[in-house]
Amino acid sequence: MNVCGLTSKLKYRNIQDIISRHHFICLSEIRTSLIAFDEFPGFKTLISENKCKKKGIETDKPTGLAILVKDCNTFSFEVIDAKKCNCEWVFWIKVSVHENNLSFLLGSTYIPCETSIFYSDNIYDLLAEDILDLTTEFGLPFILMGDFNSRCGTLTDTINYEKEVLAFTGFSDDDSNYIEQLGLLQRFSEDAIVNKNGSNLISLCKSFNFKIVNGRFGADKGVGRYTCHTPRGDSLVDYVLVSDTLIPQISNFEVDTLDQTLSDVHSALHTSVSYNPHAPQPTAQSVNTPDNPVPTESRPTYREKWKSGIDETFSQSFNEDSVSHLLDSLHRLNGENINQDDIDSVTNQMVDIFIKSAQKAGLCKENRNSKPKNKKPYSRRHPHQDWWDEECENERTEYMKTKNAGYTIQSKEARKTHRKLLSHVNKVYKKFILTKQNDFRLNIAKTLKETKSKDPKCFWKILKNENFLPKKDGNISLQTFMQHFQKLNQVIDEQSEREFDPNDLKHGNTEELNRDFTLGEIEKLIKKLKNGKACGADNIVNEYLKNCPVAMKNAIVTLFNLVLKSGVVPSDWCIGMIIPLFKNKGSVDDVNNYRGITLLSVLGKLFTSALNSRLSAYLESLSALGEDQAGFREGYSTLNHIFVLHCLIDFYLQRKKRLYCAFIDYSKAFDLIDRSTLWMKVLNLGIRGNIINVIFNLYSKAKSCVKNGNDLSQLFNCNVGVRQGENLSPLLFAIYLNDFALYVSQEYEGLAFVSEETSRLLGDEAVDMFLRLYILLYADDTIVLAESPLQLQHALNSVKDYCDKNYLKLNLTKTKIIVFSRGKIRNIPKFFYGNEQVEVVKDYVYLGVKFNYNGSFTKAMEKQTDQARKAMFSMLTKARRLQLPVDIQIELFEKTVLPVLLYGCEVWGCANIDAIEVFYRKFLKIILKVGKATPNCIVYGETGRLPLQFNIFKRITSFWLKITEDKPKKIATKFYYIMFKLQNTGEYNFKWLNTVKSILETTGHINLWEQQEQYTTKKHIVKHIPSAVKESIISITKEKIESGSRCTNFKIFKKHLNFEQYLTILSPRHRIIMSKFRCGYNRLPINDFRFFGTADVSEKHCKLCTLGEIGDEYHYLFSCPYFLYERKLYLKNEFTVNPNANKMCKLFNSKSKLVLVNLAKFQNVIMSKFQT
């Protein structure tokens, strides 16, 4: 609570009553020097004694912070040393509740308002840095409360990574789904205004998974009451923020009415935190379980682990007689008279050969115990002490024995001797622990550098290692899991085996689809298999198939041909093992907080991969799949449709027309499609014979079980939807929706204006460019397009009919409509899906990119930056825990954060990308530990990095090359050439085209733009463009360094824009000192003069000596008599005798660690003198 002066409120005695009813009280705007420590009996008074600085002047802090802690045995607390923190506006303590082992970090907060003389625009950056450090050190959730002077309106504090971004980056996180489960996704607020502090607060929440409690809980739920009441008006500026893992523990929240005996203008906030480790578990619904046996009951399970470099050994471990016998067994079988037992027998024989060969090579062992042994953790290991091992434990034991031996010594002389011994043992123990830490850090860095290119799997395994986190084990039975997942795979009541005869599948035989598989065909698919994937019920992993001898591959081909001809599918191939994975959100005892990952037989997946390859090629050759469907097709990507939608918006808005788009969201489309309808649609495409018969049999016999540890549940039928993780699923779904566009097109005219305008401007040349769009499909992501409200309503009616006939359901809470227009629409039309109204919104995230109603990409870049910021802080926390060097941190950023940040930049990169560049530079400044005012050219120079403009232009050029040389029938390619032709008429001006043209022009390839249709291939020319762009950017950066007023000394020693080696040679402490000194992030007179803009020129001269020289880095290192002793102590004579710019350059670029360490020590002495 902001009390606006505590002493003046004590006389009313109300504040004492409020304090007595709570365990923790956070107070701000108090004069800490006037508080008596015995003012509140029964409470410990903790005070933040930091001083505030303004323009270098130290003053009493007018906004002191205090935390009152009740004397209580149920919890303990620890004050976080303020010297460890960068932001003086938050006072931290660590709280540990003894009863339930709940711990958290509590921060009492006051952020100055933007008009205050104490305000600085980097306060939230400093706070983020502190939270990052505290997370690395403690790994605990946070609670922050106080006066933030931040007005957030109703901005969302949640982030959700779209599936397109996750698939593109491999990133795995989901924020809003968990909050949505708790019914807390929407935050209410009476205050609709947003200020700069408010935007910064929201960014902080998104970065660290904090959630605003106001407007979500207790009496304030659904309200979000004002907390500050002044004559100028009311506002909401006081908040309680909690880490999302603490949300289930928030039992109440209340905003008091304004009581001026407590505070002049602020309301008190009351928050209750309880501990409920076991949320009520939903009662498992009774589901009829078929009498199915446990899968692979007769076959033991194995622990498989492939080892690098064992390829040849494994290949030679196959018994030739066994493989020969298998081939004989396969050849003896007749394709027409094979039964299930025959196929299962030869399949099991093949599996046994693989397993025995793997055992012989030492690659797998049988699981003999149903429950894995729990390894006892080291008793003294901190959750973040990855380096603590058995040797550390033994050393500590010996140290404690020596220490405890002193308690029994009576003689004074003997105690004195023991103290000497203990002092020696103490030094040895500390040195040992320090060596362990350093060795661990160096080994991690060395391993990562060695494996990042040679063994990427090992690289990511180290980084993703979460052993330091306590494992969350739920108390859910295998039977409960089985019933939960069985319910998800049940047939919907309305669906039935309607109007479909399985015998129709066998009639007809498309030779191209049903011919025998060849060895070359299967070997090509085997090479594409990814390493490190889990096995299915048959215990075979991909590496076994990739490294088996040719004879074994021949056996696989023979088996595949038998299965194709007979239609009899091996039982193991029909079984999916579901692994329940906790979402790290909510209670571990709630089955709904687990998602299932289905593991299928690797042999079976290879077989369906071969089927999928044939079917895809066949359908593509006939152009059977509509071009409006770009999902999961070779040569197509999300970028195709993102580009097309952007072009359409730009096209219509340039003619001051509106574009009406309905973004359709299906409810579990993949999981709930009707299979009978699917088979009929497959038949309608002319797919008949063995290939569709075997697919039908595979799906009709599909079963699943749940695997938890080494235990397997009973099997249950899966008779709805397409299978998760199955190679055919995306293609089958595309076939299911393939008639969607044709069905919808019967109800309205679609986007006719594109063709009309093309014909008007291009005449006869437009014949080959006819394009009329109705929908855009990417898997189940659907856009319905229209030119008027009436058209779109007709289209929605058609969509409703189509979904009813095809057993599809829309998720109307996520189905939205955008009316794209140049300005805001006053009278927004209403649209209905059946009897329910569909919401019209201003923006929507389509395929991972946010589209705004006016075609601007500003919000798209804000979204990417928010997601990247969260990924960045997650990465930095991990990097600091592992004490990774700077070069590895930068590489991690480029591999984990940049893909998130730049997702879709091939399209939105034509807009202003300043916000993206600012974010990137912020990361570089964080790892260099320099301030935001540090010149950008210096930051790029120290790290050897280029602005992201280079990455974006490179990707735009690559995408341009792809669509211009792609198949003419593709919508993206067709639309590109329409835009290109229309732009040449002079009546259109497409910004994306201008960006491509500008890139080609600045790199000396304008002829490629002007004559692009005459080039049969542009690839050999385009490959030179990135190097030309790079040279241009480097030239601009060097020019800024040469001409920059703050680069006077930097340009002396910075001759090349390369990564500086001191960043990896020096320890973190010395590295940070040197970075700050080199980059000018210090309080030397010259930098204070530049930063504060003092009018008095004399302020930039040295005050420590009488030489009258400017107080810059060169002066204090080489000239100032004040540091003569330290100069002789730390610098060699070769640098200090007759110093000049060349010697400074040589010193700063030294490769000697000793020279650099001494230089850093000297720099530290200099900078310490100017710390205030």
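The values are calculated or read from the model by the stated rules, or taken from the named source; none is laboratory data. These figures come from a predicted structure and were not determined experimentally. Neighbour counts are summed over all protein chains in view; Cβ atoms, including those assigned to glycine, are modelled from backbone coordinates with ideal geometry.
Summary of values
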quantity: Some residue of the range 695-712 being part of a helix (DSSP H, G or I), over 19 Å from residue 626 (Cβ atoms) and small (Gly, Ala, Ser); calculated: yes
quantity: Condition check for residue 787: charged (D, E, K, R) and in contact with a helix residue (DSSP H, G or I) (Cβ under 7 Å, 6 or more places away or on another chain); calculated: yes
quantity: Restricting the range 983-992 to residues that are part of a helix (DSSP H, G or I) and not charged (D, E, K, R), the residue that is surrounded by the fewest Cβ atoms within 10 Å (Cβ to Cβ); calculated: 984
quantity: Any pair with Cβ under 6 angstrom, 6 or more apart, that starts in the range 71-96 at a residue that is under 14 Å from residue 137 (Cβ atoms) and ends at one that is assigned to a loop (DSSP other than H, G, I, E, B); calculated: 92/80
quantity: Among residues of the range 777-787, those that are surrounded by 21 or more Cβ atoms within 10 Å (Cβ to Cβ) and under 23 Å from residue 656 (Cβ atoms), counted; calculated: 4
quantity: Options 350, 400: the member that is at pLDDT 85 or above, more than 30 Å from residue 883 (Cβ to Cβ) and out of contact with any Gly (no Cβ under 7 Å at 6 or more places or on another chain); calculated: 350
quantity: Qualifying residue in the range 1136-1159 (condition: surrounded by fewer than 20 Cβ atoms within 10 Å (Cβ to Cβ), basic (Lys, Arg) and either in the same structural domain as residue 886 (by TED's automatic domain parsing) or assigned to a loop (DSSP other than H, G, I, E, B) (or both)); calculated: yes
quantity: Selected residue (criterion: surrounded by the most Cβ atoms within 10 Å (Cβ to Cβ)) from residues of the range 565-584 that are β-branched (Val, Ile, Thr) and in contact with a strand residue (DSSP E or B) (Cβ under 6 Å, 6 or more places away or on another chain); calculated: 578
quantity: Scope the range 1010-1032; condition buried (at least 17 other Cβ atoms within 10 Å of the Cβ) and hydrophobic (A, V, I, L, M, F, W, C); matching residues; calculated: 1022, 1025, 1029
quantity: Filtered residues of the range 952-967 (kept if of a type in the set (D, E, K, R) and in a helix (DSSP H, G or I)); calculated: 954, 955, 962
quantity: Residue list for the range 787-823, filter: closer than 25 Å to residue 650 by Cβ and free of Cβ contacts under 8 Å to residues at least 12 places away in the same chain; calculated: 790
quantity: Condition met for residue 761 (surrounded by fewer than 19 Cβ atoms within 10 Å (Cβ to Cβ), at pLDDT below 90, part of a helix (DSSP H, G or I) and over 32 Å from the mean Cα position of the chain (by Cα)); calculated: yes
quantity: Residue within the range 194-208 that is at negative phi, part of a helix (DSSP H, G or I), among the small types (Gly, Ala, Ser) and in contact (Cβ under 8 Å) with a residue 60 or more places away in the chain present; calculated: yes
quantity: Residue match in the range 1041-1063 (condition: surrounded by fewer than 18 Cβ atoms within 10 Å (Cβ to Cβ), of a type in the set (Val, Ile, Thr), assigned to a helix (DSSP H, G or I) and not assigned by TED's automatic domain parsing to the domain that holds residue 1155); calculated: no
quantity: Boolean, residue 875 is of a type outside the set (D, E, K, R), free of Cβ contacts under 8 Å to residues at least 24 places away in the same chain and surrounded by 17 or more Cβ atoms within 10 Å (Cβ to Cβ); calculated: yes
quantity: Residue among 899, 947 that alone is over 30 Å from residue 975 (Cα atoms), not assigned by TED's automatic domain parsing to the domain that holds residue 1149 and not aromatic (Phe, Trp, Tyr); calculated: 947
quantity: Which listed residue, of 1108, 1080, is in the same structural domain as residue 1060 (by TED's automatic domain parsing), crowded, with 18+ Cβ neighbours inside 10 Å and out of contact with any Asp or Glu (no Cβ under 7 Å at 6 or more places or on another chain); calculated: 1080
quantity: Out of 1037, 973, sole residue that is within 37 Å of the chain's Cα centre (by Cα), of a type in the set (S, T, N, Q), under 23 Å from residue 643 (Cα atoms) and part of a helix (DSSP H, G or I); calculated: 973
quantity: Subset of the range 226-261 (residues that are surrounded by fewer than 20 Cβ atoms within 10 Å (Cβ to Cβ) and in a loop (DSSP other than H, G, I, E, B)); calculated: 226, 231, 232, 256, 257, 258, 259, 260, 261
quantity: Number of positions in the range 306-341 that are assigned to a loop (DSSP other than H, G, I, E, B) and either within 47 Å of the chain's Cα centre (by Cα) or crowded, with 16+ Cβ neighbours inside 10 Å (or both); calculated: 10
quantity: Single residue of the range 92-112 satisfying the filter (among the hydrophobic types (A, V, I, L, M, F, W, C) and at pLDDT below 90) that is farthest from the chain's Cα centre (by Cα); calculated: 97
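Each row is one residue, and each column tells you yes or no for (1) under 30 Å from residue 1163 (Cα atoms); (2) assigned to a helix (DSSP H, G or I).
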residue	(1), (2)
981	no, yes
994	no, yes
1004	no, no
1031	no, yes
1073	yes, yes
